[in-house]
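The structure appears below as C-alpha coordinates.
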Amino acid sequence: MSSIAQPARVLLDPLDATGAAVEARRWLWPLLLLVVCVSASGTAFSLRWNAGPAVVQELQMSGRLDRLTETEVSEEIQTASRKALVAGIAKGVFVMPMLTLLLAAALWVFAWLFDRSAPFGGLMSVAALAMMPIALYHLIFTVCALAQHSLSLERVPELVPASLAVLEGLSPKMKKVLGAVDFFNLWSVGLMGLGFSSATGMRKGRALLLCLALYLLFVGVFSIGLPAMMAGEPGGRGGPGGGR
(Lines give C-alpha, C1' and ligand atoms only; values in the text may rest on other atoms or scores of the structure.)
Protein backbone atom coordinates (compact mmCIF):
# COMPACT_ATOMS: atom_id res chain seq x y z
CA MET A 1 0.00 0.00 0.00
CA SER A 2 2.90 2.34 0.75
CA SER A 3 4.13 1.85 -2.81
CA ILE A 4 0.92 3.58 -3.98
CA ALA A 5 0.71 6.25 -1.27
CA GLN A 6 4.35 7.32 -1.48
CA PRO A 7 4.24 8.60 -5.09
CA ALA A 8 0.91 10.32 -4.37
CA ARG A 9 2.56 12.23 -1.52
CA VAL A 10 4.87 13.81 -4.08
CA LEU A 11 2.01 16.05 -5.21
CA LEU A 12 1.29 17.20 -1.65
CA ASP A 13 4.76 17.33 -0.14
CA PRO A 14 7.26 17.49 -3.01
CA LEU A 15 10.25 18.69 -0.99
CA ASP A 16 10.29 15.71 1.37
CA ALA A 17 8.42 12.99 -0.54
CA THR A 18 10.22 13.25 -3.88
CA GLY A 19 13.61 12.18 -2.58
CA ALA A 20 12.16 9.22 -0.67
CA ALA A 21 10.16 8.05 -3.70
CA VAL A 22 13.22 8.29 -5.96
CA GLU A 23 15.39 6.35 -3.52
CA ALA A 24 12.69 3.66 -3.29
CA ARG A 25 12.54 3.42 -7.12
CA ARG A 26 8.81 4.20 -7.22
CA TRP A 27 8.07 4.39 -10.93
CA LEU A 28 5.55 1.62 -11.69
CA TRP A 29 2.51 3.04 -9.92
CA PRO A 30 3.03 6.62 -11.17
CA LEU A 31 3.37 5.25 -14.68
CA LEU A 32 0.20 3.16 -14.37
CA LEU A 33 -1.65 6.17 -13.00
CA LEU A 34 -0.47 8.22 -15.96
CA VAL A 35 -1.65 5.54 -18.41
CA VAL A 36 -5.09 5.32 -16.79
CA CYS A 37 -5.65 9.09 -16.54
CA VAL A 38 -4.52 9.89 -20.09
CA SER A 39 -6.56 7.02 -21.53
CA ALA A 40 -9.59 8.18 -19.52
CA SER A 41 -9.27 11.77 -20.77
CA GLY A 42 -9.01 10.58 -24.37
CA THR A 43 -12.08 8.41 -23.91
CA ALA A 44 -14.04 11.24 -22.25
CA PHE A 45 -13.13 13.60 -25.10
CA SER A 46 -14.27 11.12 -27.76
CA LEU A 47 -17.58 10.55 -25.94
CA ARG A 48 -18.36 14.26 -25.68
CA TRP A 49 -16.76 15.56 -28.89
CA ASN A 50 -19.20 16.91 -31.44
CA ALA A 51 -17.23 15.81 -34.50
CA GLY A 52 -19.75 17.12 -37.04
CA PRO A 53 -18.51 20.73 -37.49
CA ALA A 54 -14.85 19.73 -37.62
CA VAL A 55 -15.48 16.93 -40.14
CA VAL A 56 -17.68 19.12 -42.36
CA GLN A 57 -15.07 21.87 -42.34
CA GLU A 58 -12.34 19.40 -43.29
CA LEU A 59 -14.47 18.01 -46.12
CA GLN A 60 -15.14 21.53 -47.39
CA MET A 61 -11.44 22.39 -47.38
CA SER A 62 -10.61 19.20 -49.27
CA GLY A 63 -13.44 19.74 -51.79
CA ARG A 64 -15.07 16.39 -51.00
CA LEU A 65 -18.21 17.68 -49.32
CA ASP A 66 -20.17 18.27 -52.54
CA ARG A 67 -19.43 14.73 -53.75
CA LEU A 68 -20.70 12.96 -50.63
CA THR A 69 -24.26 12.07 -49.67
CA GLU A 70 -25.70 12.78 -46.21
CA THR A 71 -25.23 9.14 -45.27
CA GLU A 72 -21.57 9.23 -46.27
CA VAL A 73 -21.04 12.43 -44.30
CA SER A 74 -22.59 10.77 -41.25
CA GLU A 75 -20.26 7.83 -41.70
CA GLU A 76 -17.29 10.21 -41.89
CA ILE A 77 -18.38 11.80 -38.61
CA GLN A 78 -18.74 8.41 -36.92
CA THR A 79 -15.33 7.35 -38.21
CA ALA A 80 -13.76 10.53 -36.83
CA SER A 81 -15.29 9.84 -33.41
CA ARG A 82 -13.96 6.27 -33.43
CA LYS A 83 -10.50 7.46 -34.46
CA ALA A 84 -10.52 9.98 -31.60
CA LEU A 85 -11.37 7.19 -29.16
CA VAL A 86 -8.61 4.90 -30.45
CA ALA A 87 -6.08 7.75 -30.54
CA GLY A 88 -6.93 8.82 -26.98
CA ILE A 89 -6.48 5.32 -25.58
CA ALA A 90 -3.33 4.72 -27.64
CA LYS A 91 -1.84 7.96 -26.31
CA GLY A 92 -2.30 6.73 -22.76
CA VAL A 93 -1.23 3.12 -23.28
CA PHE A 94 1.67 3.58 -25.69
CA VAL A 95 2.74 7.22 -26.15
CA MET A 96 2.97 8.35 -22.52
CA PRO A 97 5.05 5.36 -21.30
CA MET A 98 7.37 5.87 -24.27
CA LEU A 99 7.71 9.58 -23.48
CA THR A 100 8.47 8.73 -19.85
CA LEU A 101 11.17 6.29 -20.94
CA LEU A 102 12.67 8.86 -23.32
CA LEU A 103 12.64 11.47 -20.57
CA ALA A 104 14.50 9.07 -18.26
CA ALA A 105 17.05 8.44 -21.03
CA ALA A 106 17.51 12.18 -21.55
CA LEU A 107 18.06 12.68 -17.81
CA TRP A 108 20.64 9.88 -17.85
CA VAL A 109 22.50 11.63 -20.68
CA PHE A 110 22.53 14.97 -18.84
CA ALA A 111 23.63 13.29 -15.62
CA TRP A 112 26.55 11.83 -17.58
CA LEU A 113 27.34 15.21 -19.16
CA PHE A 114 27.50 16.85 -15.74
CA ASP A 115 29.64 13.99 -14.38
CA ARG A 116 26.91 12.74 -12.08
CA SER A 117 26.36 9.03 -11.58
CA ALA A 118 22.80 7.82 -11.14
CA PRO A 119 21.22 4.40 -11.73
CA PHE A 120 18.77 4.34 -14.60
CA GLY A 121 16.07 2.98 -12.28
CA GLY A 122 16.36 6.11 -10.17
CA LEU A 123 16.09 8.37 -13.21
CA MET A 124 13.09 6.34 -14.42
CA SER A 125 11.49 7.10 -11.06
CA VAL A 126 12.30 10.79 -11.54
CA ALA A 127 10.64 10.79 -14.97
CA ALA A 128 7.56 8.87 -13.77
CA LEU A 129 7.11 11.06 -10.69
CA ALA A 130 7.50 14.18 -12.81
CA MET A 131 4.52 13.01 -14.85
CA MET A 132 2.23 13.00 -11.83
CA PRO A 133 0.96 16.58 -12.41
CA ILE A 134 0.26 15.63 -16.05
CA ALA A 135 -1.79 12.66 -14.82
CA LEU A 136 -3.66 14.99 -12.47
CA TYR A 137 -4.42 17.36 -15.33
CA HIS A 138 -5.89 14.53 -17.40
CA LEU A 139 -7.93 13.35 -14.42
CA ILE A 140 -9.41 16.85 -14.01
CA PHE A 141 -10.00 17.05 -17.76
CA THR A 142 -11.85 13.71 -17.66
CA VAL A 143 -14.23 14.94 -14.97
CA CYS A 144 -14.81 18.28 -16.70
CA ALA A 145 -15.32 16.67 -20.13
CA LEU A 146 -17.86 14.15 -18.85
CA ALA A 147 -19.77 17.01 -17.21
CA GLN A 148 -20.27 18.65 -20.63
CA HIS A 149 -23.15 17.90 -22.95
CA SER A 150 -20.87 18.25 -25.99
CA LEU A 151 -17.38 19.52 -26.78
CA SER A 152 -15.83 21.31 -29.74
CA LEU A 153 -12.14 21.44 -30.60
CA GLU A 154 -12.10 25.16 -29.78
CA ARG A 155 -13.57 24.47 -26.34
CA VAL A 156 -10.99 21.86 -25.33
CA PRO A 157 -8.11 24.23 -24.38
CA GLU A 158 -10.50 26.30 -22.26
CA LEU A 159 -11.96 23.33 -20.38
CA VAL A 160 -9.08 23.25 -17.88
CA PRO A 161 -7.46 26.69 -18.22
CA ALA A 162 -3.92 26.13 -16.97
CA SER A 163 -1.75 28.31 -19.20
CA LEU A 164 -1.56 31.95 -20.25
CA ALA A 165 -2.57 30.91 -23.78
CA VAL A 166 -6.22 31.22 -22.74
CA LEU A 167 -5.90 35.02 -22.58
CA GLU A 168 -8.00 36.82 -25.17
CA GLY A 169 -6.66 38.94 -28.00
CA LEU A 170 -3.44 36.98 -28.50
CA SER A 171 -1.91 36.31 -31.89
CA PRO A 172 -1.30 32.66 -32.86
CA LYS A 173 2.44 33.09 -32.25
CA MET A 174 1.89 34.58 -28.80
CA LYS A 175 -0.48 31.74 -27.94
CA LYS A 176 2.30 29.25 -28.67
CA VAL A 177 4.79 31.21 -26.58
CA LEU A 178 2.48 31.79 -23.62
CA GLY A 179 1.28 28.19 -23.84
CA ALA A 180 4.65 27.25 -22.31
CA VAL A 181 3.64 29.10 -19.13
CA ASP A 182 1.48 26.18 -18.06
CA PHE A 183 0.78 25.42 -14.40
CA PHE A 184 0.85 21.63 -14.71
CA ASN A 185 3.91 21.59 -16.98
CA LEU A 186 5.89 23.88 -14.67
CA TRP A 187 4.78 21.80 -11.69
CA SER A 188 6.11 18.76 -13.53
CA VAL A 189 9.40 20.54 -14.24
CA GLY A 190 9.75 21.40 -10.56
CA LEU A 191 9.23 17.77 -9.51
CA MET A 192 11.71 16.66 -12.15
CA GLY A 193 14.31 19.07 -10.78
CA LEU A 194 13.81 17.88 -7.20
CA GLY A 195 13.94 14.25 -8.29
CA PHE A 196 17.04 14.79 -10.42
CA SER A 197 18.73 16.42 -7.45
CA SER A 198 17.88 13.44 -5.24
CA ALA A 199 19.03 10.89 -7.83
CA THR A 200 22.33 12.57 -8.73
CA GLY A 201 23.28 14.59 -5.65
CA MET A 202 23.18 17.84 -7.64
CA ARG A 203 22.17 20.93 -5.68
CA LYS A 204 18.43 21.56 -5.83
CA GLY A 205 18.73 25.05 -7.28
CA ARG A 206 21.06 23.91 -10.03
CA ALA A 207 18.91 20.87 -10.84
CA LEU A 208 15.77 23.03 -11.04
CA LEU A 209 17.48 25.49 -13.39
CA LEU A 210 18.73 22.62 -15.56
CA CYS A 211 15.27 21.05 -15.86
CA LEU A 212 13.70 24.45 -16.58
CA ALA A 213 16.26 25.02 -19.34
CA LEU A 214 15.47 21.58 -20.79
CA TYR A 215 11.75 22.40 -20.74
CA LEU A 216 12.29 25.73 -22.49
CA LEU A 217 14.49 24.01 -25.08
CA PHE A 218 11.80 21.38 -25.67
CA VAL A 219 9.10 24.05 -26.08
CA GLY A 220 11.29 26.13 -28.37
CA VAL A 221 12.08 23.20 -30.67
CA PHE A 222 8.85 21.21 -30.77
CA SER A 223 6.16 23.82 -30.08
CA ILE A 224 7.61 26.84 -31.88
CA GLY A 225 10.57 25.95 -34.11
CA LEU A 226 9.35 22.83 -35.91
CA PRO A 227 5.78 24.11 -36.52
CA ALA A 228 7.23 27.34 -37.95
CA MET A 229 9.57 25.39 -40.25
CA MET A 230 6.74 23.14 -41.42
CA ALA A 231 4.52 26.16 -42.06
CA GLY A 232 7.20 27.64 -44.30
CA GLU A 233 7.65 24.54 -46.44
CA PRO A 234 6.12 24.37 -49.93
CA GLY A 235 2.57 23.18 -49.54
CA GLY A 236 2.68 23.95 -45.83
CA ARG A 237 0.31 26.15 -43.91
CA GLY A 238 2.41 29.27 -44.23
CA GLY A 239 1.09 32.72 -44.91
CA PRO A 240 -1.72 34.67 -43.30
CA GLY A 241 -3.79 32.46 -41.01
CA GLY A 242 -1.59 29.47 -41.72
CA GLY A 243 -0.47 28.69 -38.18
CA ARG A 244 -2.50 27.82 -35.16
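The values are calculated or read from the model by the stated rules, or taken from the named source; none is laboratory data. The shown structure was predicted, so the numbers you read here are calculated from the model rather than taken from an experiment. Cβ: placed from backbone, ideal geometry, glycine included. Neighbour counts: every protein chain shown. The accessibility values were calculated without ligands, DNA or RNA, using every heavy atom of the protein model including side chains. Shrake-Rupley method; radii C 1.70, N 1.55, O 1.52, S 1.80 Å.
Averaging the sequence gap over all C-alpha pairs within less than 8 Å and six or more residues apart, then dividing by the number of residues, gives the chain a relative contact order of 24 percent.
Within the chain, which is the longest segment that contains none of the GluC sites (Glu not before Pro) sitting in a DSSP loop with at most 10 other Cβ atoms within 10 Å? The longest uninterrupted stretch comes out as 1-153.
Accessible surface comparison of 115, 13, probe 1.4 Å, protein chains only, largest first: the order is 115, 13. Just to confirm the number: angle between the C-alpha axis of helix 96-113 and the first principal axis of the chain, 0 to 90 degrees, nearest 10? That works out to roughly 40 degrees. Using a probe radius of 1.4 angstrom, the carbon and sulfur fraction of the accessible surface of the chain is 66%.
Our helix-only sum for the chain, with -39,500 (n - 2.57) per DSSP H run of n ≥ 4 divided by its residues, gives a mean residue ellipticity at 222 nm of -22000 deg cm²/dmol.
The angle between the Cα long axis of helix 120-130 and the longest principal axis of the Cα atoms of the chain comes to about 50 degrees, rounded to the nearest 10. Accessible surface computed residue by residue for the chain, with neighbouring protein chains in place and a 1.4 Å probe, gives 58 Å² per residue.
Along the Cα-to-Cβ line of residue 117, 7 Å from the Cα, sits a label point; which residues in the stretch 171-211 have backbone N less than 18 Å from it? The answer is 197-203. Stretching residue 68 away from residue 152 to a fully extended chain increases their span by 27.9 nm, per 0.36 nm per residue minus the current alpha-carbon distance.
Within the shell defined by Cβ-Cβ distances under 15 Å, the residues around residue 150 carry a net charge of 0, with Lys and Arg each +1 and Asp and Glu each -1. Loop-located chymotrypsin sites (Phe, Trp or Tyr not before Pro) across the stretch 91-184 with a Cβ neighbour count of 13 or fewer within 10 Å are 114, with loop assigned by DSSP. Under the simplified labelling scheme, the residue 209-residue 98 pair shows an inter-label distance of 3.5 nm, with each label point 7 Å from Cα along Cα→Cβ. Between helix 14-23 and the chain there is an angle of about 80 degrees, using the helix long axis and the longest principal axis of the Cα atoms.
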